[in-house]
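The next block holds one structure in the form of structure tokens; read it before the comments.
What follows is calculated from the coordinates using simple rules that are stated; it is not laboratory data. Predicted model, so just to flag it, every value in this text is computed and none were measured. Counting neighbours? That spans all protein chains shown, and the Cβs are built from the backbone with ideal geometry, glycine included.
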Amino acid sequence: MLTFLTIIAAAIAVRQADRWWFSPRRGHAPTATRRDLVALQRARANNVTPVLLMAGHWVEMAGWWMVAAHSGAVGWAVEALAVAVKFRHLQEVSHFAVHGVLTRSPRLSTLLAEALVHVPMGLGPVPVRRERHVRQHHPNATVAGVDPNLVDLEQAGLVPGAGGWRFARGLVFPLTPAGLAATCRSLAANLAPRAGWWRLPAFGAAAATAFLAGGWPAVLFAFVLPRLLLYPQLAWMSLIVEHRWFDAEPVSGSPAAVEAARCLRLYPQSAALALLARGTWLPYGDLFHYAHSAHPAVRWNYLPTLERIIGLPHYTPSGLLAGSSAVIGHHRQALREPASAAPSPARRSPAAV
């Protein structure tokens, strides 16, 4: 067991190379403006540390698979959550690959996202995600009938006038039978031959590796359960706290002004909760979605600094569930008032750049 935990610790240590290399605190480069941050990011762009970062996540996951072979029920629960968090982290790293800021080479960014995230996790092809996320979502965030993410929320039952039970079910949609069925349909489509003949064998190879590392407990509790239920729920929670989905203010102006009216920033006053979120369900740049939405070409390492430069969005909830300004309560109130639903395409805001 000590050997397996050492592997996990070593994998975490390997990932720190990318953090150290891109850190805005390293050296004496100026970071007072967005231009400074972009210049620093370009100067430090490379094709080595991102590979170490992504490999480190998989080596850590392999360590959890090995631990699964020597665990009981409590251990399996911990490992299921740990691997779900790993999947969530890999998804978010690949998100920056989709934006072309993971590595110096755009082609390598796409290759790493495909080979180390999308294929072994059974996600769709990277070009499809780029079209949906970069070209459809970013310019049209919260716009009804246009933003594909808002469409997903609506299909889960989060629509104006939704009753209490329907709203609650929508918040945990991936854990419901309908949500699980949707995940399975998506997985089947992503692994179908028309998406690429190699995708299904590669996904199977990932599951086989889990079996070789930890036997059936690793496959069941540290691969299948996280992939089908826990990881989708973590990603869903992240989606819910990205924007004021149902009452965004349609404004014009600079990208920062547009996004300030339709984004939110969770836990601005709680360093402890922010740290917990960044380590689990809002990794890398996800907690700083406003800064990312205003300037999508900025790597996650520089988003906290960018946030200090451009400020916070209009809505800064202190909690997810509890508190007068909690995100869930805010969404619930917005859906009680049909008139406050997201702006129609006719009121569409300018695209963020």
Derived scalar couplings ³J(HN,Hα) [the range 187-201; Karplus, 6.51 cos²θ - 1.76 cosθ + 1.60; whole Hz; x for Gly, Pro]: 4, 4, 5, 5, 9, 5, x, 5, 7, x, 4, 7, 5, 5, x
Per the charge dipole of the chain (beta-carbon charges, Lys/Arg positive, Asp/Glu negative, Cα centre), the residue among Leu116, Ala144, Ala322 reaching farthest to the positive end is Leu116
Starting from the 7 Å offset along Cα-to-Cβ, what nm value, one decimal, do you get for the label separation of Arg135 and Ala17? 3.5 nm
Using θ = phi - 60° and the Karplus relation 6.51 cos²θ - 1.76 cosθ + 1.60, list the HN-Hα couplings for the range 39-50 in order, rounded to whole Hz, with x at every Gly or Pro. 5, 5, 4, 5, 5, 9, 4, 8, 10, 9, 4, x
Which one of Leu273, Leu239, Leu81 has the biggest mean-square fluctuation once the chain is modelled by GNM with Cα springs under 10 Å? Leu273
Please find the FRET efficiency linking Ala10 to Leu212, where r is the Cβ-Cβ separation and R0 is fixed at 22 Å, and quote it to the nearest 0.05. 0.70
Just the projected area, averaged over all directions, of the convex hull on the alpha carbon atoms of the chain: how many nm²? 17.8 nm²
Out of Val159, Val119, Val251, a Gaussian network model of the chain with alpha-carbon springs under 10 Å gives the largest mean-square fluctuation to Val251
Proxy exposure order for Ser71, Ser325 (fewest C-beta within 10 Å first) is Ser325, Ser71
Express in whole angstrom the spacing between the alpha-carbon centres of the range 171-238 and the range 42-57. 26 Å
Phi-based couplings in Hz for the range 263-275 (Karplus 6.51, -1.76, 1.60; Gly and Pro marked x): 9, 9, 10, 7, 6, x, 9, 10, 5, 5, 5, 5, 5
Net charge over other residues, Cβ less than 15 angstrom from the Cβ of Arg227 (K, R count +1; D, E count -1): +3
Where a ≥ b ≥ c are root eigenvalues of the Cα gyration tensor, a/c under 1.5 meaning rounded, otherwise prolate if a/b exceeds b/c and oblate otherwise, the range 42-131 counts as prolate
GNM result for the chain, Cα springs below 10 Å: residue of Arg308, Arg130, Arg26 fluctuating most strongly: Arg26
Point-to-point label distance, Trp165-Arg25, nm (Cα→Cβ direction, 7 Å offset): 5.1 nm
Figure the gain on full extension for Ala73 and Ser325 (residue separation times 0.36 nm, minus the Cα-Cα span) and round it to one decimal in nm. 87.0 nm
Relative contact order of the chain (C-alpha contacts under 8 Å, at least 6 apart) in percent is 21 percent
What distance in nm separates the simple spin-label points at Ala272 and Asn46, each placed 7 Å from Cα in the Cβ direction? 3.7 nm
